[in-house]
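Heads up, the thing below is written out as structure tokens.
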Amino acid sequence: MKFKLFTIGMLAAAALFTFSSCKKKTEYVDRIVYVEKPDTSVKYTQLTGSLATQSLDASKKYLIVGTVFVESGATVTIPAGTKLFGQKSTKGTLVVKPGGKLIADGTASNPIIFTSNQDKGAREQGDWGGVLLLGKANCNQNSPAIEGITPAVNYGTFQSSANDNDNSGIIRYVRIEYAGIALTPNNETNGLTFGAVGNGTTIDYVQVSYGGDDSYEWFGGTVNCSHLVAFAGWDDQFDTDFGFSGKIQYAVGIVDPFNADQSGSNGFECDNDASGDAATPKTAAVFSNVTLLGPIYDSAKTTFSGNYLHAMHLRRNCEQSIFNSVIVGYPIGLNLDGTLANYVSGAGVLDNNILVCPGAKGKAIRPFFNGSASDAGVATYWKTTKNNQVFTGNNPQATAGSLTYSKALADAGIEPTLIMGFNTVAGVSGGTYPQNPNLALFTGITQSGATYTDAKLTSWFTTTGSFRGAFGSNDWTDVWSNFNTQNTSY
């Protein structure tokens with residue numbers, strides 16, 4: 001049997017490696033599970049079924065077997081440094097039901113890790129089901145069932161703000177790796193799924209890597225999140241739906257240029273709901289200080305997945321706002337898919353952002369698109385109505401006086417040999433991304449221009465600092481994150 005290893009920024013010919021498995025695994029399903037590995041034997045404590053209030057032990061390794069529920073009224077505490085493994089054969093998944101709490105409070109030096117139970121070198125996107133956090137906050141659907149879970153679990157309070165302060169616990173300094181899977185046809189879990197989670201919940205310093213569907217998806221709710229990393233996910237990086245109206249600040253999304261979903265992978269994907277009706281509350285999340293690094297890291301190349309689409313696909317009557325962000329390297333920059341009127345009216349706001357659309361060799365540059373009206377209307381909104389910038393170009397070797405890809409990146413303070421492409425990072429060979437890259441390398445116009453005067457930013461957000469994007473001089477991913485999980489021994 002062969003296992004696929006997905007890496008970041010490799011040339012097309014080297015984008016996908018296969019590794020032959022070594023010794024066959026044998027698993028004994030009892031309360032304690034032993035898994036034979038090539039050179040060692042690892043003992044797991046098994047988590048199954050329904051969990052009552054309890055505290056786990058950081059000295060143990062836990063195996064999530066099948067769908068595991070934190071029941072309503074129960075609190076499960078996971079200490080800093082605990083490692084939990086989703087079992088591939090049973091599609092291990094952790095679901096926190098409405099009224100339940102997960103206290104996963106790691107530290108920068110001792111993060112909590114959810115990962116695949118497969119061997120180093122054999123882990124894949126979608127090895128297990130991920131973490132689903134469900135609450136009782138606002139939602140524009142009537143008691144929906146969360147996707148992919150059997151038996152069905154419903155969440156949310158329909159069109160009411162009564163439970164917007166609901167508290168589902170703490171997820172802080174946590175990594176979630178190789179999670180997100182189709183548990184039933186057309187029903188997928190994500191790396192981290194939120195269902196009507198309230199703003200009494202703490203979400204801070206979370207990295208989702210190699211997700212098998214979206215890295216993060218919010219279905220309704222009001223939860224506020226900061227310091228999020230979406231790395232090498234299969235589908236969208238940040239997906240919002242069903243009336244999510246929370247706030248997110250300091251988030252970075254980095255894709256694998258060669259690995260995307262056939263449904264079309266986007267940086268932001270946003271819907272009010274599937275039908276695009278006027279159900280309330282509207283999907284009106286507010287994002288600020290986001291950095292998205294898309295698949296086109298060299299405009300002389302065409303070797304990236306054709307399944308990548310939009311940096312921002314804001315559709316189906318949504319009103320999501322994005323401020324002070326740096327968005328680079330997607331085939332289409334902004335698609336206000338039938339929603340232009342929502343932004344012209346000010347219901348949604350896009351302001352003080354930098355958009356870099358380099359195009360790719362032999363392909364048209366398309367920074368703006370609209371699904372039902374003229375592209376010019378979207379461009380006018382982005383460039384004239386609001387204080388956004390756009391850089392386009394298709395020749396990385398052009399002279400410094402031309403507005404081209406390399407000049408645009410230089411002007412934006414984005415150096416492709418340091419950020420885009422990854423295979424050209426100094427001191428890195430073989431196309432492997434470094435475990436702890438320095439993401440505080442942005443200079444130039446990314447370090448100025450941020451404003452926080454819009455009414456949507458006057459509460460909760462940190463309003464100091466003038467940098468746009470996720471990073472000023474401080475790389476907040478240091479110490480606790482990991483960008484080379486395939487080669488990490490757990």
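The values are calculated or read from the model by the stated rules, or taken from the named source; none is laboratory data. Everything numeric in this text was worked out from a predicted model, so none of it was measured. For neighbour counting, all protein chains shown are included, and Cβ atoms are generated from backbone atoms with ideal geometry for every residue, glycine included.
Taken over segment 215-228, the criterion of being touching a residue at least 40 places away in the same chain (Cβ under 8 Å) and surrounded by 24 or more Cβ atoms within 10 Å (Cβ to Cβ) is satisfied by TRP218, PHE219, GLY220, GLY221, THR222, VAL223.
Could you check how many residues of segment 244-270 are on the phi > 0 side of the Ramachandran plot and either modelled with pLDDT of 85 or more or surrounded by 24 or more Cβ atoms within 10 Å (Cβ to Cβ) (or both)? So that I can check it myself, show each step before the final result.
Narrowing segment 244-270 to residues on the phi > 0 side of the Ramachandran plot: 250, 264.
So of that shortlist, the ones also either modelled with pLDDT of 85 or more or surrounded by 24 or more Cβ atoms within 10 Å (Cβ to Cβ) (or both) come out as 250.
The total comes to 1.
Among residues of segment 91-113 that are free of Cβ contacts under 8 Å to residues at least 60 places away in the same chain and crowded, with 23+ Cβ neighbours inside 10 Å, those with a beta-carbon under 8 Å from a residue that is part of a strand (DSSP E or B) and of a type in the set (Ser, Thr, Tyr) at least six positions away or on a different chain give the pairs GLY92/THR67; VAL95/THR67. Within segment 392-412, is even one residue at pLDDT 50 or above, touching a strand residue (DSSP E or B) at 6+ places or on another chain (Cβ under 7 Å), over 20 Å from ASP271 (Cβ atoms) and surrounded by fewer than 23 Cβ atoms within 10 Å (Cβ to Cβ)? Yes, there is a match, as at least one residue in segment 392-412 is at pLDDT 50 or above, touching a strand residue (DSSP E or B) at 6+ places or on another chain (Cβ under 7 Å), over 20 Å from ASP271 (Cβ atoms) and surrounded by fewer than 23 Cβ atoms within 10 Å (Cβ to Cβ). Each residue in segment 307-360 was checked for being crowded, with 24+ Cβ neighbours inside 10 Å and basic (Lys, Arg), and 0 pass. If you go through segment 138-156 and keep only what is touching a Pro at 6+ places or on another chain (Cβ under 9 Å) and of a type in the set (Ser, Thr, Tyr), you end up with just TYR155. Criterion applied to ALA274, ALA284, ALA260, ALA279 was being assigned to a loop (DSSP other than H, G, I, E, B) and either among the hydroxyl-bearing types (Ser, Thr, Tyr) or out of contact with any Gly (no Cβ under 9 Å at 6 or more places or on another chain) (or both), and the one residue passing it is ALA274.
Is it the case that segment 307-316 has a residue that's part of a loop (DSSP other than H, G, I, E, B), touching a residue at least 24 places away in the same chain (Cβ under 8 Å), closer than 21 Å to ASP454 by Cα and not β-branched (Val, Ile, Thr)? There is no residue in segment 307-316 that is part of a loop (DSSP other than H, G, I, E, B), touching a residue at least 24 places away in the same chain (Cβ under 8 Å), closer than 21 Å to ASP454 by Cα and not β-branched (Val, Ile, Thr). Criterion first (part of a loop (DSSP other than H, G, I, E, B), closer than 23 Å to THR462 by Cα and of a type in the set (S, T, N, Q)) does SER245 satisfy it? Yes. Go through the residues of segment 40-48 one by one and say whether even a single one is aromatic (Phe, Trp, Tyr), surrounded by 13 or more Cβ atoms within 10 Å (Cβ to Cβ), at pLDDT 50 or above and within 16 Å of THR115 (Cα to Cα). Scanning segment 40-48, I find at least one residue that is aromatic (Phe, Trp, Tyr), surrounded by 13 or more Cβ atoms within 10 Å (Cβ to Cβ), at pLDDT 50 or above and within 16 Å of THR115 (Cα to Cα), so the answer is yes.
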